[in-house]
Amino acid sequence: MEGMWTRFALRVWAALILLFLFIPILLIFFYAFDTSNIESWPIPGLTLKWFTSTWNDPTVRSALVLSVQAGLVATGLALVLGSCAAFAIHRTAFFGRDAISLLFILPLALPGIITGIALNAFFSFSGATFSIWTIIIGHATFCIVVVYNNVLARLRRTQGSLIEAAMD
């Protein structure tokens, strides 16, 4: 059994780690409201001018629109493909089913940079030019895993009689 001091030390250690991780994020948040052009401490004053200048920049707005478009299309594509894959894996039995299931889950196990390098190599070798479609394919690659896992988990918990009733 762990003693009272061990639990206290672990709590202090966890609090220190959380402070180490979140204090820089909090500082960046405060610097967004800084009146000065350079980062200095203490912050001389607070303003919203950086938000208005960022919003009035047309390149930032076009980047935001591109991100929203790519995110919506990638999400829709991932919902369709991930759901279809989960239904196919759940409803059919064939040789190599576990290997295919592993291939769907593999982007979770690999670091994102490895998947990104692999997609970059694929696009380069296939002669595809970088566009919104390559962005969508890259994001859908990560999103399909999440959809696949959630739909497959839900299908495993669903009674077979409900599926049969839905087929009628």
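Looking only at residues of the stretch 124-142 that are among the hydroxyl-bearing types (Ser, Thr, Tyr) and in a helix (DSSP H, G or I), we find that the one that is nearest to Gly82 (Cα to Cα) is Thr141.
Conditions tested, residue by residue: (1) in contact (Cβ under 8 Å) with a residue 60 or more places away in the chain; (2) loosely packed, with under 15 Cβ neighbours inside 10 Å; (3) not in a helix (DSSP H, G or I).
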residue: Ile113; (1), (2), (3): no, yes, no
residue: Phe122; (1), (2), (3): no, yes, no
residue: Ile144; (1), (2), (3): yes, no, no
residue: Leu152; (1), (2), (3): yes, no, no
residue: Arg156; (1), (2), (3): yes, yes, no
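Condition check for Thr92 on (1) among the hydroxyl-bearing types (Ser, Thr, Tyr); (2) free of Cβ contacts under 8 Å to residues at least 24 places away in the same chain; (3) in contact with a helix residue (DSSP H, G or I) (Cβ under 9 Å, 6 or more places away or on another chain): one failure, at (3). Considering only residues that are open to solvent by less than 70 Å² (accessible area, probe 1.4 Å) and part of a helix (DSSP H, G or I), which ones fall in the stretch 91-111? Across the stretch 91-111, the qualifying residues are Ala99, Ile100, Ser101, Phe104, Ile105, Leu106, Pro107.
Is it the case that Thr35 is in contact with a Lys or Arg (Cβ under 9 Å, 6 or more places away or on another chain), in contact (Cβ under 8 Å) with a residue 12 or more places away in the chain and surrounded by 10 or more Cβ atoms within 10 Å (Cβ to Cβ)?
yes
Once the stretch 68-89 is narrowed to residues that are open to solvent by 60 Å² or more (accessible area, probe 1.4 Å) and touching a residue at least 40 places away in the same chain (Cβ under 8 Å), the residue that is nearest to Arg156 (Cα to Cα) is Phe87.
Mind listing whichever residues of the stretch 1-25 are in a helix (DSSP H, G or I) and open to solvent by less than 90 Å² (accessible area, probe 1.4 Å)? Thr6, Ala9, Val12, Ala14, Ala15, Ile17, Ile23, Pro24, listed by residue number. In this entry, Trp5 is excluded by the filter for residues that are in contact with a Lys or Arg (Cβ under 8 Å, 6 or more places away or on another chain), modelled with pLDDT under 95 and not small (Gly, Ala, Ser).
Every residue in the stretch 97-111 that is of a type in the set (Val, Ile, Thr) and either in contact (Cβ under 8 Å) with a residue 40 or more places away in the chain or over 23 Å from Cys84 (Cβ atoms) (or both), please. Within the stretch 97-111, just Ile105 meets the criteria. Condition (residue is without any contact (Cβ under 8 Å) to a residue 24 or more places away in the chain, over 24 Å from Ala140 (Cα atoms), over 25 Å from the mean Cα position of the chain (by Cα) and not in a helix (DSSP H, G or I)) applied to the stretch 49-59: is it met by at least one residue? Yes, the conditions are met somewhere in the stretch 49-59.
The values are calculated or read from the model by the stated rules, or taken from the named source; none is laboratory data. Source: prediction; values computed, not measured. Here Cβ is always computed from backbone atoms with ideal geometry, including for glycine, and neighbour counts include all displayed protein chains. All accessible areas refer to the heavy atoms of the entire protein, side chains included, with ligands and DNA or RNA removed. Shrake-Rupley method; radii C 1.70, N 1.55, O 1.52, S 1.80 Å.
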